[in-house]
Amino acid sequence: RVYLEGGAMVIADGGVVCIDEFDKMREQDRVAIHEAMEQQTISIAKAGIKAQLPARCAVIAAANPVKGRYDSSVSFHDNVDLSEPILSRFDCVCVVKDEMDPIADERLAEFVVRSHKRSHPEAVADDEVQQQEDLRDAGKYIDQALLRKYIMYARTFVRPVLRDVDVGKITQVYTELRRESQSGGVSVAVRHIESIIRMAEASARMHLRDQVRQDDVDLAISVMLRSVINSQKYAVKRSMEIKFSKYLVSGQDANQLIEFQLRRLFGQAAELNALRRATLPVAVLLEDFESRAKEVAVDDLSQFYKSDSFLGDGVARIGFRRTRNASGAEVLVRASDLQTYNNAVAAETAA
């Protein structure tokens, strides 16, 4: 007796399939997945059975670099053992690197410790601290059951239409990106125009809109550009970031963008402190930070200095403070290091 048994992509029809160790797939499986990702079907012709099974699902795949660690000095294609036809079928490619970032590392460590304390069966919660955290987190997070219903409603009933958008902008971005991406990163093909349209429709669907707006298109273009730029080797990546900066800012939260730049500066300053074996806490010159903000087309930082991204919320965000170094120049330090830094500066000045 012969019968068909659906694989992961067939079972996930209408949903999402997650594939780990994507680079270690067998060659025959790689060939089979081409049709599934291109036409959303899987053709079977075995043991006298001919069938075409639906595989209308989104694919989220993870792969490891061939040398065990991602090398930014070479292109994405040289880092991952995947063919161009398969890579071109993904709407976007995200390069995830384990980089030293003292701010992110501290947040992660605090989160892990807090999670273990809360989940321990014999843990006794501090009612006052717990109450403060609940009040602080109120309104910031969506209940999981409500979020699931929201996603199901959006996928079932919302069908946004692409209308009254700047088609010339999409054409211009595609033309420039195709010309610049010939340096060895992810190749740009006509499929990427379809990817921009799909991501713009997805953005409109998340907001329960029946029509795709220009800000949805701008967000899709920004995601696509980030995907291609991050796949380039470091020398090309930096030049492309500057060239396409006007598109990258669109659709992003300015505070989030500026905070990311500040975190990068703190990471660089931490590496410099480690090389110099400095005892002072990490500090970043205010002038350098404002110069970096201007590079990403953000000139007014007044709202950022008042936001939780800068001041912190006491839980997930550490926060930063402005002070002065021994030379009198304004610097930025982490809120937790402010007192230590000021004491060290005062001692240095007195000496």
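If the condition is being open to solvent by 70 Å² or more (accessible area, probe 1.4 Å) and assigned to a helix (DSSP H, G or I), then segment 58-102 contributes H77, D78.
Please determine whether any residue of segment 290-299 is over 30 Å from Q214 (Cβ atoms) and surrounded by 16 or more Cβ atoms within 10 Å (Cβ to Cβ). Taking every residue of segment 290-299 in turn, none turns out to be over 30 Å from Q214 (Cβ atoms) and surrounded by 16 or more Cβ atoms within 10 Å (Cβ to Cβ).
Within segment 253-277, track down each residue that is of a type in the set (A, V, I, L, M) and open to solvent by 60 Å² or more (accessible area, probe 1.4 Å). Within segment 253-277, L272, A274, L275 qualify. When segment 8-38 is filtered for residues that are assigned to a loop (DSSP other than H, G, I, E, B) and either among the β-branched types (V, I, T) or open to solvent by 40 Å² or more (accessible area, probe 1.4 Å) (or both), the ones remaining, listed by number, are D13, G14, D20, E21, M25, R26.
Of all residues being part of a loop (DSSP other than H, G, I, E, B) and touching a helix residue (DSSP H, G or I) at 6+ places or on another chain (Cβ under 7 Å) in segment 39-57, which is nearest to E99 (Cα to Cα)? Just the residue, please. For segment 39-57, the residue satisfying everything is C57. In the set E38, E128, E99, only one residue is at pLDDT below 80 and farther than 24 Å from Y234 by Cβ; that residue is E128. Scanning segment 278-289 for residues that are open to solvent by 80 Å² or more (accessible area, probe 1.4 Å) and out of contact with any helix residue (DSSP H, G or I) (no Cβ under 8 Å at 6 or more places or on another chain) turns up just one, E287.
Per the conditions (1) closer than 30 Å to P281 by Cα; (2) open to solvent by 90 Å² or more (accessible area, probe 1.4 Å), the sole criterion not satisfied by R114 is (2). Scan segment 303-322 and tell me whether some residue there is part of a helix (DSSP H, G or I), within 15 Å of L286 (Cβ to Cβ), open to solvent by less than 50 Å² (accessible area, probe 1.4 Å) and out of contact with any strand residue (DSSP E or B) (no Cβ under 6 Å at 6 or more places or on another chain). Checking segment 303-322: at least one residue is part of a helix (DSSP H, G or I), within 15 Å of L286 (Cβ to Cβ), open to solvent by less than 50 Å² (accessible area, probe 1.4 Å) and out of contact with any strand residue (DSSP E or B) (no Cβ under 6 Å at 6 or more places or on another chain). With the structure loaded, tell me whether D71 is over 17 Å from the mean Cα position of the chain (by Cα) and modelled with pLDDT of 80 or more or whether it fails that test. Yes, satisfied. Could you list, in sequence order, all residues of segment 269-324 that are polar (S, T, N, Q), farther than 21 Å from A109 by Cβ and at pLDDT below 90? Once the filter is applied, which keeps residues that are polar (S, T, N, Q), farther than 21 Å from A109 by Cβ and at pLDDT below 90, segment 269-324 yields T279, S291, S302, Q303, S307.
The values are calculated or read from the model by the stated rules, or taken from the named source; none is laboratory data. Everything numeric in this text was worked out from a predicted model, so none of it was measured. All Cβ positions, glycine included, derive from the backbone under ideal geometry; neighbour counts span all protein chains shown. All accessible areas refer to the heavy atoms of the entire protein, side chains included, with ligands and DNA or RNA removed. Shrake-Rupley method; radii C 1.70, N 1.55, O 1.52, S 1.80 Å.
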